[in-house]
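Novice: I'd like to ask some things about the structure below.
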Amino acid sequence: MDLGNDSDEALLSRYFGGELTAFETLYSRYRAPLYRFVLRTLRNGAEAEDLYHEVWSRIITTSQRFSDVTPGAFKAYLYQIARNLLIDRSRRATLQLVETDDPPEVASDAPTPDIQLHYDDCGERLLLAIDGLPAEQREAFLLKEESGLSLEQIAVMVSTGRETIKSRLRYAMKKLRELLEGCL
């Protein structure tokens, strides 16, 4: 049975109804974007992996109470859990950002060495630029770009107004454009 077209909320309901393949589909759907969000925030692969698995543990243990069938509600719920865990972690210890070993994504055609060097430089500049954003702008940027959450979902998640999130994103994008001149 192909579950790939089912909504997140339907998959979660099916999982709690006993269909393990529904959870596998849901897990694989968010594997890359959720992990990237956590990794870009923590900047440490081992810590990101631990927190990523903790998010899914929470989904398994607490989501039986999740009954919102609004499209996109599960996605916001998933990222809210991740954000809460990140906040808890930062309260327990000072986060130290380190460089990631993630290579920049490149087109399928093999670039020339000069172009690859340019891509690598731009990738490093992007990571440093994101790290250099004020915390609230960085969080809004990552929630929007890594998770694809709407402005409304982010605003609810961080308990602030939609226009505030919009401003944070605007300032973050302006700063990133300035710092990445020549890469865009």
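Novice: Would you point out the residue of region 1-32, among those that are assigned to a helix (DSSP H, G or I), touching a residue at least 60 places away in the same chain (Cβ under 8 Å) and out of contact with any Lys or Arg (no Cβ under 9 Å at 6 or more places or on another chain), that is surrounded by the fewest Cβ atoms within 10 Å (Cβ to Cβ)?
Specialist: 9
Novice: When region 67-88 is examined, which residues are found to be touching a residue at least 40 places away in the same chain (Cβ under 8 Å), surrounded by fewer than 17 Cβ atoms within 10 Å (Cβ to Cβ) and either over 14 Å from residue 153 (Cβ atoms) or touching a His at 6+ places or on another chain (Cβ under 6 Å) (or both)?
Specialist: 69
Novice: For region 63-99, what are the residues that are at pLDDT 80 or above and acidic (Asp, Glu)?
Specialist: We begin by selecting, within region 63-99, every residue at pLDDT 80 or above; these are 70-92.
The one that is at pLDDT 80 or above and acidic (Asp, Glu): 88.
Novice: Could you tell me whether any residue of region 137-157 is touching a residue at least 60 places away in the same chain (Cβ under 8 Å), closer than 26 Å to residue 30 by Cα and among the acidic types (Asp, Glu)?
Specialist: Yes, region 137-157 contains a residue that is touching a residue at least 60 places away in the same chain (Cβ under 8 Å), closer than 26 Å to residue 30 by Cα and among the acidic types (Asp, Glu).
Novice: A further question on this structure: Might you let me know whether region 20-35 holds any residue that is polar (S, T, N, Q) and closer than 19 Å to residue 147 by Cβ? Don't jump to the end; show me each part of the working.
Specialist: Let us first name the residues in region 20-35 that are polar (S, T, N, Q), namely 21, 25, 28.
Applying the additional criterion that residues be closer than 19 Å to residue 147 by Cβ yields 25, 28.
Checking region 20-35: at least one residue is polar (S, T, N, Q) and closer than 19 Å to residue 147 by Cβ.
Novice: Considering only region 20-37, state which residues are more than 15 Å from the chain's Cα centre (by Cα) and farther than 13 Å from residue 60 by Cα.
Specialist: 21, 25
Novice: Then there is this: What do you reckon, is residue 35 modelled with pLDDT under 90 and part of a helix (DSSP H, G or I)?
Specialist: In short, no.
Novice: Only one residue in 138, 177, 170 is under 13 Å from the mean Cα position of the chain (by Cα) and either among the acidic types (Asp, Glu) or more than 18 Å from residue 78 (Cβ to Cβ) (or both). Which one? Explain how you work it out, then say what you get.
Specialist: On the way: 177 fails: under 13 Å from the mean Cα position of the chain (by Cα); 170 fails: under 13 Å from the mean Cα position of the chain (by Cα).
Checking each option against the conditions leaves just 138.
Novice: For the condition more than 24 Å from residue 128 (Cα to Cα) and either out of contact with any Gly (no Cβ under 9 Å at 6 or more places or on another chain) or not charged (D, E, K, R) (or both), what is the one hit in 76, 48?
Specialist: Values: 48 fails: more than 24 Å from residue 128 (Cα to Cα).
Result: 76 is the single residue among 76, 48 that is more than 24 Å from residue 128 (Cα to Cα) and either out of contact with any Gly (no Cβ under 9 Å at 6 or more places or on another chain) or not charged (D, E, K, R) (or both).
Novice: Let me ask you something else. Return the pair list, or none, for Cβ contacts closer than 9 Å from residues in region 166-184 that are under 24 Å from residue 115 (Cα atoms) to residues that are modelled with pLDDT under 90 and of a type in the set (Phe, Trp, Tyr), at least 6 apart or on different chains.
Specialist: Final answer for the pair search is 183/119.
The values are calculated or read from the model by the stated rules, or taken from the named source; none is laboratory data. Keep in mind the model is a prediction, meaning the values are calculated, not measured. Every residue, glycine as well, gets a Cβ built from its backbone with ideal geometry; the counts of neighbours run over all protein chains shown.
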